[in-house]
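Asker: Can you keep this structure in mind? I'll have questions shortly.
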Amino acid sequence: MTDRELSRKFLSLLEERRGLLLPGAGCALAARVIAATGFEALYITGAGLANTLHGVPDIGLVSLSEVTANITSMREVCPDLPIFADGDTGFGNAVNMYRTVQLYERAGANAIQIEDQLFPKKCGHFNGKAVIDAREMVDKVKAAVDARRDENFVIVARTDCRSMLGIDAAIERVHMYHEAGAQATFVEAPQSLEEIERVARETPGLKILNIVHGGKTPMPSMEQIKEWQFSGVLYANAALQASIRSMGNVLGHLLKVGSLSGVEGQLADFAERQVVVNKDHFDALEARYATPPAN
């Protein structure tokens, strides 16, 4: 599928308002696993990139060029899966936002999430966040809308003001961002099921919900999510959190026992690993282009 077709597909999936599951990938291998598992789209998580690439927290340390390089890598290994990419604050002001959208779209993303935190940003479930003036964010949303080449490329505008200014201010802000042209809106870190229901009922356009295991937002059931007509649900860190726990368990066992005996069931075997990275495809390419031996 072309990037335009994938963007149209992603927008159509969101328009179904059935709580499309959006697992996060912090590297191309995670994207491969997401695709192989059968999900309909994937999310490139800024926190996952920071944790995976550099082993650092999500406090604005990943650069624009690093994110776009990873979009390209994930597009290469997931050619038929819509990609929704974390754009943080756009890496600066409205002009930076304009360029960020252009680079993301060129790299193969089909949607971008932008937020109203002060640059450099922090994880939405950290304390100590700060937000810019809502009018400045409106300008950044307008810049994002103007920058895209394809009108189906989805602009998702997020507010992080809930923890500082309250849920009423958060709802007011996403109304402004929707009016500025964002197809989808996103209130980060509502702190109760009642607040989630208010966001669903009182905010315009398509709506995204973010669930972080151990974070500030409770985990509603899929039945509630569908009833509230959320378009998509981010599980941005599920694969990352699972891999950290699994690596710790297996490596801890290896250190203690001196072998992998007893934890084989927690490991992908050699053949399974080659399937995930599509080795057969590269074997076929080698065979196609192999130089015949000289007589």
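Asker: Number of Lys pairs in the chain with C-alpha atoms less than 24 angstrom apart, excluding same-chain neighbours closer than eight positions?
Answerer: The result is 21.
Asker: Size of the dipole of the chain about the Cα centre, Lys and Arg at +1 and Asp and Glu at -1 on the beta carbon, nothing else charged, in debye to 20?
Answerer: Numbers: 30 positive and 37 negative charges, 62 e Å.
I would put it at about 300 debye.
Asker: Stick to Cα atoms and the Kirkwood definition of Rh, then tell me Rg/Rh for the stretch 3-243. Could you put the intermediate results ahead of the total?
Answerer: Numbers: Rg = 15.8 Å, Rh = 17.3 Å.
Dividing the radius of gyration by the Kirkwood radius yields 0.92.
Asker: Most exposed first by the Cβ proxy, i.e. fewest other Cβ within 10 Å, how do 15, 188 rank? Kindly include the intermediate steps, with their values, before the conclusion.
Answerer: Details: 15 13, 188 27.
So the ranking, lowest neighbour count to highest, is 15, 188.
Asker: Kindly work out what percent of the DSSP beta bridges joining two residues of the stretch 3-243 are antiparallel, to the nearest 5.
Answerer: 5 percent
Asker: Find how many whole Å separate the alpha carbon centroid of the stretch 220-289 from the alpha carbon centroid of the stretch 124-197.
Answerer: Using only Cα atoms to place each centre, the spacing works out to 32 Å.
Asker: Compute the distance in nm between two label points, each set 7 Å from the Cα along the Cα-to-Cβ direction, one at residue 242 and one at residue 219.
Answerer: That separation, rounded to one decimal, is 1.2 nm.
Here, each number is a calculation from the coordinates, and none is a lab measurement. Quantities reported herein were computed from a predicted structural model and do not represent experimental measurements. With ideal geometry, Cβ positions are generated from the backbone for all residues, glycine too; neighbour counts draw on all protein chains shown.
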